[in-house]
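So the structure is just underneath, and the comments pick up after that.
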Amino acid sequence: MDKQIKERGIIFNGEMVRAILDGRKTQTRRVIKNQPAGDWPDDPIFVQYGDNKFKWKSVNYGESSWFDCPFGKVGDRLYVRETWGVVSHCFDDDGLMTDWIPDRPAKAIHELPYGRGYYNGHAIYAADGDFTWGDDDGGGDGRSCWNPSIHMPKAASRITLEITDIRVERLHAITLGDICKEIGCGLYDFRPATHGFSVWEDTWKSIHGQDSWQSNPWVWVVEFKRVEAA
């Protein structure tokens, strides 16, 4: 990989992970932390300079300083963080411990540092369905041991995305076509078209909350394509 290309982590929930894996989702919107401060009489202009440098600009309020998009620039890569776990062994019918042979999507890992120790075995992902570990005695009282997406190390990630475009817009300014790219669906899934905007509103609220929708924040619009990891 080119030394100038950087990789950063980005979190997606299970539904969005499945849409990415299916090739249906190619955009994500994230609230910009540097929202314009003060009582702006009109919407400010968001000016882009270079690959990932932006600033706010207003006739009445002047300009902000330049700042960088936290997700990188076009050509940079994002490794997806999702809810995950590691399976190293299972128990046979006699209660004896044996190596686990994957029967679901999994990524082999070796000496993966996590917490106070190391993991060996296979990383698995909650987006592919639930999984129950047997207890240490091989009994039937299993337990679920998923780890939160925010704690996923890069080595356990199975999805790599390449940024193809970055821009800024108001949350409510999304088009019906972009809703499809966000949610992972087709235009014909929305009849009438107003249904698509309702679905987008409900999806956003379920992730970010009611207040985030009502405030109509400025958001990063990150377009991407899935690529093979380096």
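The values are calculated or read from the model by the stated rules, or taken from the named source; none is laboratory data. What you are looking at is a predicted structure, and each value in this text was computed from that prediction instead of being measured. Glycine gets a Cβ as well: all are built from the backbone with ideal geometry, and neighbour counts include every protein chain shown. For accessibility, only protein heavy atoms count, side chains too; no ligands or nucleic acids. Shrake-Rupley method; radii C 1.70, N 1.55, O 1.52, S 1.80 Å.
For this structure, a couple of remarks:
- Listed peptides 7-16, 118-127 by packing density, highest first (mean Cβ within 10 Å): 118-127, 7-16
- Counting Lys and Arg as +1 and Asp and Glu as -1 over every other residue whose Cβ lies under 13 Å from the Cβ of Arg8, the net charge comes to +2.
- Rolling a 1.4 Å probe over the protein chains gives Trp218 an accessible area of about 20 Å².
- Net charge over other residues, Cβ less than 9 angstrom from the Cβ of Arg158 (K, R count +1; D, E count -1): 0
- Label-to-label distance, nm, for residues given as Cys90 and Ile5 (7 Å Cα→Cβ offset): 3.6 nm
- Protection proxy ranking of 161-169, 65-73 - average other beta-carbon atoms within 10 Å, highest first: 161-169, 65-73
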